[in-house]
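This report refers to the structure that appears directly beneath it.
The values are calculated or read from the model by the stated rules, or taken from the named source; none is laboratory data. Please read all numbers here as calculations on a predicted model, not as lab measurements. As a convention, Cβ positions derive from the backbone with ideal geometry for all residues, glycine included, and neighbour counts pool all protein chains shown.
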Amino acid sequence: MLKIGLTGGIGSGKSSVSNILKSWNAHIFDADIVSKTILNHNESAQNEVITEFGTDVIGSEGMIDKKKLSRIVFHDEDNQIKLNAIIHPYVFSEIDKEFETILTKGENELFVVDAALIYESGADTHMDYVVVVTSHLGLKIERVLAKGELSREEFLERAELQWPDEEKIQLADFVIQNNGSHEDLLRETKKTYNLLI
């Protein structure tokens, strides 16, 4: 079973590619969901975050408030690096555990780690291949604004903290362009899938 890193900048369509691969029986490890679970339920990680960023990140229920943490982290590259240094080792540990479980079952040909920060975290060195999903900036902004979760300014702030597509493309084993229709994306993804299987 191959371990594949799937990454792309915010609004690139990485999640769409992930869903397509899942429909073709790839096992998807969603690093974003796992990171949130760690922040919600792992006491060691929570204590490290509070030690680093102070009690300002604690919400009314005594838990880490994601919005408060985001405000601190996404406005400052140093803070993002500090948070990632805390969370990534926990995520890497979960990747290894889940990979062994899925490998033992023997039901999937691909184990896909869906993560925005594959290169930034150094996770690429643990993958057999890395697939980068890329898209024109205008389309990225359009997609993010359509979801209604972030403003244009918040999108640009977050995009600024990620490596540019050009750098990721140079390092990637495979690149999926997402600048057309869903059918175009299916075709592009299928080409890469066929090369991997």
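Remarks
- Helices (runs of 4 or more DSSP H) enclosed by region 1-99 - at least 2 residues per element that are touching a residue at least 60 places away in the same chain (Cβ under 8 Å) and under 19 Å from the mean Cα position of the chain (by Cα): 14-23, 31-41
- Restricting Lys66, Lys97 to those that are exposed (fewer than 13 other Cβ atoms within 10 Å of the Cβ) and basic (Lys, Arg) reduces the list to Lys97.
- Scan of region 170-187 for residues that are among the charged types (D, E, K, R) and either over 13 Å from Leu6 (Cβ atoms) or in contact with a Gly (Cβ under 8 Å, 6 or more places away or on another chain) (or both), ordered by number: Glu183, Asp184, Arg187
- Of everything in region 172-197 that is among the small types (Gly, Ala, Ser) and more than 23 Å from Asp124 (Cα to Cα), the residue that is surrounded by the most Cβ atoms within 10 Å (Cβ to Cβ) is Gly180.
- Residue within region 109-118 that is free of Cβ contacts under 8 Å to residues at least 12 places away in the same chain and either buried (at least 19 other Cβ atoms within 10 Å of the Cβ) or out of contact with any helix residue (DSSP H, G or I) (no Cβ under 9 Å at 6 or more places or on another chain) (or both) present: no
- For region 15-26, the criterion of being at pLDDT below 95 and more than 30 Å from Lys105 (Cα to Cα) is met by no residue.
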